[in-house]
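Undergrad: Got a structure for you, written out below as structure tokens; questions coming shortly.
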Amino acid sequence: MINSKIFFKGLKSLIGVRSPAIPLAACFIALGALLKDAGLNIQQSAASSFFTYALPGQLVMAESLLIGASIINIFIAVWLVNFRLYPMTVSLFPLLKHKSQPKWKYYLSCHFLAISSWLIAKDTYKKIDQKYRIDFWMGIGFGTWSTAIVATLIGFTLSDYLNKDIIIGLAIVNPVYFFCMMIGAMNNLKITLAVILGTTLGPLFYLFSSEWAILFAGLTAGSVSYLFGVRDGS
Amino acid sequence: MDLNNIIVLAIIATSVATFISRFLGAVTSERVDANSKLFDWFNLVAYSTLAALLSRIIIFPAGVLADAELIVRLLVLVCCIFIFIIMKKNLVIPTIFSAILLSVLTSI
């Protein structure tokens with residue numbers, strides 16, 4: 001079944017100087033408080049993080065509920081904002097593949113895919129024998145996912161004690177953490193170009209379409225850096 | 001429909017909309033080889049999409065972050081990246097510092 005030694009090795013990535021636990025907890029605490037404001041009860045807030053576990057999508061849901069958007073609008077808006085998970089999965093799972101591993105592990109553990117777990121897995125997968133990489137991934141994913149659920153509950157419970165300045169402070173932690181991790185991942189010219197172009201085009205395209213901006217910016221910047229790499233011969 | 005049902009439906013809609021992308025990714029991955037050009041392209045698109053999303057969050061934030069001035073948000077980000085680099089890629093210190101710095105700067 002699951003190699004527990006490797007699973008726990010993955011789980012252990014929650015601690016140490018590169019820990020994602022603090023930034024994850026910070027943003028899901030802020031989310032827990034926001035979900036309470038949006039009218040969710042504690043079970044619903046926990047269920048949202050349990051079943052969705054994708055912060056930008058949950059933010060869209062909370063804000064849509066506050067303005068009274070329809071369910072179909074919520075579905076489309078969330079699908080668009082979380083579509084990034086598709087290229088992210090395809091750029092990670094082939095690295096974790098092994099023919100001796102059952103498919104259910106891949107279909108189930110794709111739920112753990114989020115920016116934090118993705119960046120950690122990309123950073124560390126090479127240290128693990130290919131055969132057990134999926135177990136390592138399940139360890140990382142289970143750790144980050146449970147942190148998010150617990151933090152949502154903490155945020156919901158503490159929401160009355162969190163003033164606005166604290167919530168704003170918590171909200172910046174996540175983008176700062178991800179930016180730092182991405183800069184750490186810029187170890188070749190193509191990835192560096194992809195990150196710089198994406199950073200520039202994201203807000204630029206946003207001026208024309210708030211919904212499609214991220215998708216188009218990602219596709220354009222990624223393809224340009226790919227073609228650059230092909231021309232460069234690397 | 002009462003609010004409680006709307007919330008439950010919204011949670012289901014959000015979860016399904018999110019899981020579709022993950023699941024399709026897992027299915028597509030079965031046919032993508034890690035050494036192929038296609039994988040390389042997906043990898044770069046993933047990094048670019050992430051970068052686009054993060055810079056959008058900093059420059060055009062949704063929610064509470066919008067209450068802090070743009071210049072303040074950028075200042076916090078640049079300071080923390082600088083700390084990250086000089087602290088030999090320690091991630092805990094710059095992330096804790098970012099929350100404190102932004103809370104202080106927005107409260108004054």
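Table: residues versus (1) over 30 Å from B:Asp33 (Cβ atoms); (2) outside the structural domain of A:Ser45 (by TED's automatic domain parsing); (3) part of a helix (DSSP H, G or I); (4) basic (Lys, Arg).
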site	(1), (2), (3), (4)
A:Leu65	yes, no, yes, no
A:Ile72	yes, no, yes, no
A:Ala77	yes, no, yes, no
A:Met88	no, no, yes, no
A:His98	no, no, no, no
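Undergrad: Could you look through the range B:32-74, keep only residues that are among the basic types (Lys, Arg) and within 19 Å of A:Pro203 (Cβ to Cβ), and pick out the one that is farthest from the other protein chains (Cβ to nearest Cβ)?
TA: So, considering only residues that are among the basic types (Lys, Arg) and within 19 Å of A:Pro203 (Cβ to Cβ), the one farthest from the other protein chains (Cβ to nearest Cβ) is B:Arg73.
Undergrad: If I ask for residues that are within 22 Å of B:Thr95 (Cα to Cα) and at pLDDT below 90, which ones from the range A:187-206 would you list?
TA: Hit for the range A:187-206 is A:Asn187, nothing else.
Undergrad: Looking only at residues that are more than 7 Å from chain B (Cβ to nearest Cβ) and polar (S, T, N, Q) in the range A:68-102, which one is surrounded by the most Cβ atoms within 10 Å (Cβ to Cβ)?
TA: A:Gln101
Undergrad: Let me ask something else. On the given criteria, is A:Leu193 surrounded by fewer than 24 Cβ atoms within 10 Å (Cβ to Cβ) and in contact with a Ser or Thr (Cβ under 7 Å, 6 or more places away or on another chain)? Please lay out each step first, then the result.
TA: Details: surrounded by fewer than 24 Cβ atoms within 10 Å (Cβ to Cβ): yes; in contact with a Ser or Thr (Cβ under 7 Å, 6 or more places away or on another chain): yes.
Yes, satisfied.
Undergrad: Just checking, how many residues over the range B:56-94 are in a loop (DSSP other than H, G, I, E, B) and not charged (D, E, K, R)? Lay out the reasoning, then the answer.
TA: Keep residues of the range B:56-94 that are in a loop (DSSP other than H, G, I, E, B), which gives B:60-62, B:68-69, B:87-91.
If we keep only those that are not charged (D, E, K, R) as well, we get B:60-62, B:68, B:87, B:90-91.
Counting residues in the range B:56-94 that are in a loop (DSSP other than H, G, I, E, B) and not charged (D, E, K, R) gives 7.
Undergrad: Same structure, new question: Say we look at the range A:197-234 and pick out the residues that are under 23 Å from B:Ser36 (Cβ atoms) and among the hydrophobic types (A, V, I, L, M, F, W, C); which of these is surrounded by the most Cβ atoms within 10 Å (Cβ to Cβ)?
TA: A:Ala221
Undergrad: If we scan the range A:141-152, do we find a residue that is crowded, with 24+ Cβ neighbours inside 10 Å, within 14 Å of another protein chain (Cβ to nearest Cβ), free of Cβ contacts under 8 Å to residues at least 40 places away in the same chain and aliphatic (A, V, I, L, M)?
TA: no
Undergrad: Also: (1) buried (at least 23 other Cβ atoms within 10 Å of the Cβ); (2) in contact (Cβ under 8 Å) with a residue 40 or more places away in the chain; (3) under 20 Å from A:Lys5 (Cβ atoms): which one isn't true of A:Lys105, the others all being true?
TA: (1)
Undergrad: Here is a follow-up. Any idea which of B:Leu44, B:Leu38, B:Leu24, B:Leu9 is touching a Gly at 6+ places or on another chain (Cβ under 6 Å), in a helix (DSSP H, G or I) and either free of Cβ contacts under 8 Å to residues at least 40 places away in the same chain or more than 18 Å from A:Asn82 (Cα to Cα) (or both)?
TA: Values: B:Leu38 fails: touching a Gly at 6+ places or on another chain (Cβ under 6 Å); B:Leu24 fails: touching a Gly at 6+ places or on another chain (Cβ under 6 Å); B:Leu9 fails: touching a Gly at 6+ places or on another chain (Cβ under 6 Å).
Residue meeting the stated conditions: B:Leu44.
Undergrad: Looking at A:Asp165, A:Asp160, A:Asp135, which is the one that is buried (at least 20 other Cβ atoms within 10 Å of the Cβ) and of a type in the set (Asp, Glu)?
TA: A:Asp135
Undergrad: Run down B:Leu77, B:Leu53 and say which single residue is under 14 Å from the mean Cα position of the chain (by Cα), at pLDDT below 95 and surrounded by 20 or more Cβ atoms within 10 Å (Cβ to Cβ).
TA: The match here is B:Leu53.
The values are calculated or read from the model by the stated rules, or taken from the named source; none is laboratory data. Values in this document were obtained by computation on a predicted structure and should not be read as measured data. So basically every Cβ, Gly included, is an ideal-geometry build from the backbone, and we count neighbours across all protein chains shown.
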